[in-house]
Amino acid sequence: MKISFPHMGYSYIAFKWLVENMGHECIVPPEPSSRTLDLGVRYAPEFACIPFKILLGTYLEVVEMGAEVIISSGGMGPCRAGYYWVMHKYLLEEAGKDVKVVAFELPRSDIMDFWKKLRWLRKTGGISVKEFIRVFKTAWNKIMVIDDVEMRSHEIRPYEIHRGDTTRGLWTALDMIDKANTLQEIQEARVEGLRQLNQIEQDRSRKPLKIGIIGEIYVVLEPAANHYIQIMLGEMGVQTDRSIYLTSYARKNTIVNLEGDVFEVAKPYLNEAPIGGHGVNSIGETILYAKHGFDGVVQLAPFACIPEIVAKSIIPTVSKDYSIPVLTLFIDEQTGKAGVQTRLEAFVDLLESRREVRERHERLVI
């Protein structure tokens, strides 16, 4: 079968390897572009959020490329994103596209359905259970290594002397991971990728601001959706930390929910029923970033995303209580890179001014 899936950050490298080594042909989804969004906007309901439109546009593109099956994810809870695959399937049928959409619900939601679909993928690919376990384990290791090198790149970028060196180093590391086919090769790619990033010429005398990135999972994880905000901030001399990586999200939302700390931290501000999505996380993570000494937080949210709108209404109180500025960027098809950059530059200027005032006050106290 010719199988494709959503494009979400750099995870496509591991998913491509997984699909191919399960005995299928992989139609690698292209990075979301203006054409992707145009297609999504054309076929999606006007009220739909930007992740819905980008995913629909991606599905239309991969169908053009020959995809016969699209693997997506479901979800549970009040967030409507868990039902997007149903609407995507309907809209693809309405557009006359002959493609099968298979959604994997969270295992802790329906473990039998999850294993049934995995077994179908394995059998149609013609591999044994033992081989499937090996392939799945290897792909998971690829995702973890991808996250490792990306995290390291965001730590190094604000110190780079020659602008763009870190980003080029990241692309090189990702290419090595892409070519790795065994657990040993993947670990070798990790070691070499991190070595190359660490060797980038840096000015360690700098004292970069620290900004946490929170918000809805898709616009946080997909750089093309948020206009490569972490690279943009890094090249402004800011060190960023992202609250969501695919490996951490998967560990928290598959068999066991390990997010108790975040929910506990957010309780004083939202001690009600879950609001869905990552709304509660955005509140709790803002508090945690403040407690860990970050200078500010950027909240990324799709326009009309109810969980993030609820979070945004509470965050000003959190911001005041913990003395941490928060910039909210609502993203839709009208959002442009120049506008995002201008707002980020103003926010960084504000944070630098606050730090100067704080340091001046500390010197006077001493």
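The values are calculated or read from the model by the stated rules, or taken from the named source; none is laboratory data. It should be emphasised that the depicted structure is a prediction, and the values quoted were computed from it without experimental measurement. Neighbour counts run over all protein chains shown; Cβ positions are idealised from the backbone, glycine included.
Only residues that are under 24 Å from I229 (Cα atoms) and hydrophobic (A, V, I, L, M, F, W, C): list them for the range 129-175, please.
I143, M144, V145, I146, V149, M151, I156, I161, L170, W171, A173, L174
Please verify whether the range 186-201 includes one or more residues that are in contact with a strand residue (DSSP E or B) (Cβ under 9 Å, 6 or more places away or on another chain) and either of a type in the set (D, E) or assigned by TED's automatic domain parsing to the domain that holds L344 (or both).
yes
Quickly run through the range 287-327 and pick out the residues that are over 17 Å from the mean Cα position of the chain (by Cα) and polar (S, T, N, Q).
Scanning the range 287-327 gives S313, T317, S319, S323.
Conditions (1) in contact with a strand residue (DSSP E or B) (Cβ under 6 Å, 6 or more places away or on another chain); (2) surrounded by 18 or more Cβ atoms within 10 Å (Cβ to Cβ); (3) assigned to a helix (DSSP H, G or I), marked per residue:
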position	(1), (2), (3)
D98	no, no, no
A103	yes, yes, no
K116	no, no, yes
R122	no, yes, yes
K130	no, no, yes
T138	no, yes, yes
V149	no, yes, yes
H154	yes, yes, yes
R157	no, yes, yes
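When the range 306-324 is examined, which residues are found to be over 16 Å from L270 (Cβ atoms) and surrounded by 15 or more Cβ atoms within 10 Å (Cβ to Cβ)?
Matches in the range 306-324: I324 only.
So that you can scan it fast, the table gives a plain yes or no per residue for (1) among the aromatic types (F, W, Y); (2) assigned by TED's automatic domain parsing to the domain that holds E285; (3) part of a loop (DSSP other than H, G, I, E, B); (4) in contact with a strand residue (DSSP E or B) (Cβ under 7 Å, 6 or more places away or on another chain):
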site: V297; (1), (2), (3), (4): no, yes, no, yes
site: A304; (1), (2), (3), (4): no, yes, yes, no
site: E308; (1), (2), (3), (4): no, yes, no, yes
site: I314; (1), (2), (3), (4): no, yes, no, no
site: T317; (1), (2), (3), (4): no, yes, no, no
site: G339; (1), (2), (3), (4): no, yes, no, no
site: F347; (1), (2), (3), (4): yes, yes, no, yes
site: S353; (1), (2), (3), (4): no, yes, no, no
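Answer yes if at least one residue in the range 37-46 is under 13 Å from S4 (Cβ atoms) and surrounded by 19 or more Cβ atoms within 10 Å (Cβ to Cβ), and no otherwise.
The answer is no, given that none of the residues of the range 37-46 is under 13 Å from S4 (Cβ atoms) and surrounded by 19 or more Cβ atoms within 10 Å (Cβ to Cβ).
Name the residue, out of L174, L183, L233, L258, that is within 19 Å of the chain's Cα centre (by Cα), over 23 Å from I331 (Cβ atoms), at pLDDT 95 or above and not β-branched (V, I, T).
Exactly one residue qualifies, and that residue is L174.
Which one of L194, L221, L246 is at negative phi, at pLDDT 95 or above, surrounded by 15 or more Cβ atoms within 10 Å (Cβ to Cβ) and within 21 Å of the chain's Cα centre (by Cα)?
One residue alone meets the criteria, L194.
For D38, which of the numbered conditions (1) touching a helix residue (DSSP H, G or I) at 6+ places or on another chain (Cβ under 6 Å); (2) at negative phi fails to hold?
Of everything listed in (1) touching a helix residue (DSSP H, G or I) at 6+ places or on another chain (Cβ under 6 Å); (2) at negative phi, D38 misses just condition (1).
Are there any pairs with C-beta distances below 7 angstrom linking a residue in the range 55-67 that is in contact (Cβ under 8 Å) with a residue 12 or more places away in the chain to a residue that is of a type in the set (A, V, I, L, M) and in a helix (DSSP H, G or I), with the two at least 6 apart or on different chains, and if so which?
L56/L91; G57/L37; G57/L39; Y59/L92; L60/L39; E61/L39
Tell me, please, whether a residue that is under 23 Å from M144 (Cα atoms) and of a type in the set (D, E, K, R) can be found in the range 43-62.
Looking through the range 43-62, none of the residues is under 23 Å from M144 (Cα atoms) and of a type in the set (D, E, K, R).
Checking G215 against (1) buried (at least 19 other Cβ atoms within 10 Å of the Cβ); (2) outside the structural domain of T247 (by TED's automatic domain parsing); (3) small (G, A, S), only one condition comes out false. Which one?
(2)
What are the residue pairs meeting all of these: first residue in the range 343-366, first residue on the phi > 0 side of the Ramachandran plot, second residue among the acidic types (D, E) and surrounded by 12 or more Cβ atoms within 10 Å (Cβ to Cβ), Cβ atoms under 7 Å, and 6 or more apart or on different chains?
Matching pairs, first to second residue: none at all.
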